[in-house]
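Below you'll find the structure, written out as structure tokens, and then a few comments.
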Amino acid sequence: MKSVIVRTFENTDLPGAAAALTEVHATDGYPVEGVDHPEAWLRSDDVIAAWVAEVEGAVVGHVALMRPQGEDAVSLWMQQSGDAEDQIAVLARLFVVKAARRHAVGELLMQAAMSYGSEYGLRLVLDVMTKDAAAIRLYERLGWREIGRAPHHYGDGQSVDAICYVAPSG
């Protein structure tokens, strides 16, 4: 595979990122929500910062840091650490198209988000559905620690089991 570039998300990336998201949903069922309006899901007002991975000018991956919106991972971490909500960001919207996997694209995106969190003094948390085994392996390989479990609610009253993680400190 050609070289991967990870850089800050720009508005001109929106069509490519939306297409990549739709492709990942078709192959992996991720995300369980947001694919009806992928551009709005990617550019939510709650995004603090976002990055894309590109290969030869095509967006092949994405990750965002989001302001907390009542996620279980946030409340679990606040209870366990005493951190205030404004010291926490939620790592979300991480996806990589199938053709770009096994080339450390997800890891490069995670490292960009984790570096931002360190630079701005934010503790990162996330939740991941138990069905997403590859993502779980990635988080654990990068030193993220399980802090609890909770249902991930979506759609019309649907839910799926999820694991909540906190990023390594520092």
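The values are calculated or read from the model by the stated rules, or taken from the named source; none is laboratory data. Since we're looking at a predicted model, the values are computed, not measured. Reconstructed Cβ throughout: ideal geometry from the backbone, glycine too, with neighbour counts over all protein chains shown.
If you go through the range 137-167 and pick out every residue that is at pLDDT below 95, more than 11 Å from A73 (Cβ to Cβ) and touching a strand residue (DSSP E or B) at 6+ places or on another chain (Cβ under 8 Å), you end up with 6.
For the range 103-121, the count of residues that are without any contact (Cβ under 8 Å) to a residue 12 or more places away in the chain and part of a strand (DSSP E or B) is zero. Put simply, of A113, A40, A99 the only residue that is at pLDDT 95 or above and small (G, A, S) is A113. The residues listed here are V52, V63, V90, V125; of these, the one that is more than 13 Å from C164 (Cβ to Cβ), part of a strand (DSSP E or B), among the β-branched types (V, I, T) and touching an Asp or Glu at 6+ places or on another chain (Cβ under 9 Å) is V52. Within the range 38-94, the set of residues being among the acidic types (D, E), within 13 Å of R123 (Cα to Cα) and surrounded by 15 or more Cβ atoms within 10 Å (Cβ to Cβ) comprises just one member, D83.
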